[in-house]
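Structure, as structure tokens:
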Amino acid sequence: SQVVWLYLSVGVMVATLALVRNLDKLSDYKYTLGLAGVVLLILPMLVGTERYGSKLWIYIGDFGFQPGEFAKIALVLFLAFYLAANREALSVSMRGIGPFKVPQPRMLLPIVVMWGISLLVVVFETDLGSALLFFTFFVIMLYVATGRVSYVVVSVALLAVAGVACYQLFGHVQTRVNMWLDPWSDASGGGYQIVQSLYSLADGGLAGTGIGKGMATLIPVVSSDFIFSAIAEEMGLLGASGILMLYLLLGVRGFATAARAKSDTSAFAAVGLTSAVVFQAFLIVGGVTKLLPLTGVTLPFVSQGGTSLLACFIIV
């Protein structure tokens, strides 16, 4: 089924190239895209089905998809078009408080809205990964558009406040963080996935056990959430590093495309979409290697899942 999705995704990529000739013309519909993104993000809260602890999926008969993957594209494009239109206002409207310069309240509104949407996703969909992803690519785009470190500082402060509040208020956030800090305390229960993942990574060594010769299937949901552990076990540190270097190359090419873009609209869209893919890869690889708390995002282009693959090829 993944091969079928791959061919379909390549077809959709070609169709996107044919239909979206000019991003500047698409910017006329920025608020429509923004609204579509928010609706797609909120839809699973209303009619979604819970799988593996997160409410991300919508099922029509036997067919299931994740609207959040397409919400990511719509929201990045909305932000790119909004920032391109308001770049100068966001850059210059600062207020001095002692030695610091902070943005004016009305200019902080987009940050607060994005912060609020991220919190909603955590609360109602129990999806830490998507919430962190949406907030992070927004902050990156805001910094690229304005060059103001103060926006980043305010954003990180908001993220820290939200993180502490979610940890105190919600059991599923506490569970994720506790399993990250000490998965061996419940190695046969809540920490089972991450413990098995770490053994897979260790078993791979430098060159791996060989394709098909690993025991990665002992990890639950290995084909989507823990696919990186399976690759690292069977292809070793060398194969896993190769995958990470491909993401770095994709990031470099994406930012080079942004640098060569002929308009702010195109440049910000390239930065946002590239950041979304690369940071998503960082999030899930960090999760399976125990660098970060585990989040349920997919590894772009690699994890099993048609919706994710389709979204990644549209981004390309």
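Taking each pair of distinct Cα atoms in the stretch 271-316 once, what is the resulting Kirkwood hydrodynamic radius in Å? It is 10.9 Å. A probe of 1.4 angstrom, applied to the heavy atoms of all protein chains, finds residue 43 with accessible area near 60 square angstrom. Computed over protein heavy atoms with a 1.4 angstrom probe, the accessible surface ordering of 179, 245, largest first, is 245, 179. Between helix 30-47 and the chain there is an angle of about 40 degrees, using the helix long axis and the longest principal axis of the Cα atoms. Subtracting the Cα-Cα distance of residue 172 and residue 46 from 0.36 nm times their residue separation leaves 43.4 nm of extension gain.
Got the relative contact order for the stretch 175-226 handy, in percent, Cα pairs under 8 Å and 6 or more residues apart? Working shown, then result.
Details: 30 pairs, mean separation 13.5, N = 52.
Dividing the mean separation by the residue count of the stretch 175-226 yields 26 percent.
Starting from the Kirkwood radius over alpha-carbon pairs of the stretch 212-268, derive D by Stokes-Einstein at 37 °C in a medium of 0.692 mPa s and give it in µm² s⁻¹. Walk me through the numbers on the way to the answer.
Details: Rh = 13.5 Å.
So the translational diffusion coefficient is about 243 µm²/s.
Can you tell me, using C-alpha contacts under 8 Å and at least 6 residues apart, the relative contact order of the stretch 113-207 as a whole percent?
Working: 50 pairs, mean separation 14.8, N = 95.
The normalised contact order for the stretch 113-207 reaches 16 percent.
The long axis of helix 227-260 is offset from the longest Cα principal axis of the chain by roughly 10 degrees.
Here the label points at residue 192 and residue 31, each 7 Å from Cα along the C-beta direction, are separated by 5.1 nm in the simple model. Toward the positive end of the charge dipole of the chain, with +1 on the Cβ of Lys and Arg and -1 on the Cβ of Asp and Glu, the farthest Cα among 221, 163, 23 is that of 23. Distance from the alpha carbon centroid of the stretch 146-223 to that of the stretch 247-316 works out to 19 angstrom.
Treating the beta-carbon of each Lys and Arg as +1 and of each Asp and Glu as -1, no other charges, what is the dipole magnitude of the chain about its Cα centre, to the nearest 20 debye?
Numbers: 17 positive and 15 negative charges, 216 e Å.
Around 1040 debye, computed over the chain.
Using the crude model of +1 on Lys and Arg Cβ and -1 on Asp and Glu Cβ, and no other charge, please compute the dipole size for the stretch 171-279 relative to its Cα centre, in debye to 20.
Values: 5 positive and 7 negative charges, 104 e Å.
Magnitude of the dipole: close to 500 debye.
Across the protein chains, with a 1.4 Å probe defining accessible surface, the residues 140, 231 rank 140, 231 from largest area downward.
Once you've got the GNM for the chain with C-alpha springs shorter than 10 Å, pick whichever of 282, 137, 70 has the biggest mean-square fluctuation. Result: 282 has the largest fluctuation of those listed.
Let me confirm the definition first: pairs of Lys residues in the chain, 8 or more apart or on different chains, C-alpha distance under 25 Å. How many are there? Provide the component values of the computation, followed by the final result.
Values: 25/72; 25/262; 30/72; 30/262; 55/72; 55/290; 72/262; 213/290.
Final tally of qualifying lysine pairs is 8.
With contacts taken as Cα pairs under 8 Å at a separation of at least 6 residues, the chain carries a relative contact order of 21 percent.
The residue list 311, 292, 174 was ranked by how far each Cα lies along the charge dipole of the chain toward its positive end, using unit charges on Cβ atoms, and 311 comes out on top. Relative to the longest principal axis of the Cα atoms of the chain, the long axis of helix 67-85 makes an angle of roughly 30 degrees. Of the whole protein surface, residue 28 contributes about 130 Å² of accessible area at a 1.4 Å probe radius.
Nearest 20 debye, what's the magnitude of the dipole of the stretch 108-262 about its Cα centre given +1 on Lys and Arg Cβ and -1 on Asp and Glu Cβ? Charge dipole of the stretch 108-262: 760 debye, to the nearest 20.
Sum -39500 (n - 2.57) across every DSSP H segment of at least 4 residues in the chain, then divide by the residue count to get the 222 nm mean residue ellipticity, nearest 500.
-23000 deg cm²/dmol
The order of 299, 26, 6 by accessible area, most exposed first and with a 1.4 Å probe, is 6, 26, 299.
Between the listed residues 112, 205, 236, the Cα displaced farthest toward the positive end of the dipole of the chain, a dipole computed from Cβ unit charges relative to the Cα centre, is found at 112.
The values are calculated or read from the model by the stated rules, or taken from the named source; none is laboratory data. Since we're looking at a predicted model, the values are computed, not measured. Positions of Cβ are generated from backbone atoms using ideal geometry, with glycine treated the same way; all protein chains shown enter the neighbour counts. Note: areas computed on protein heavy atoms with side chains; ligands, DNA, RNA excluded. Shrake-Rupley method; radii C 1.70, N 1.55, O 1.52, S 1.80 Å.
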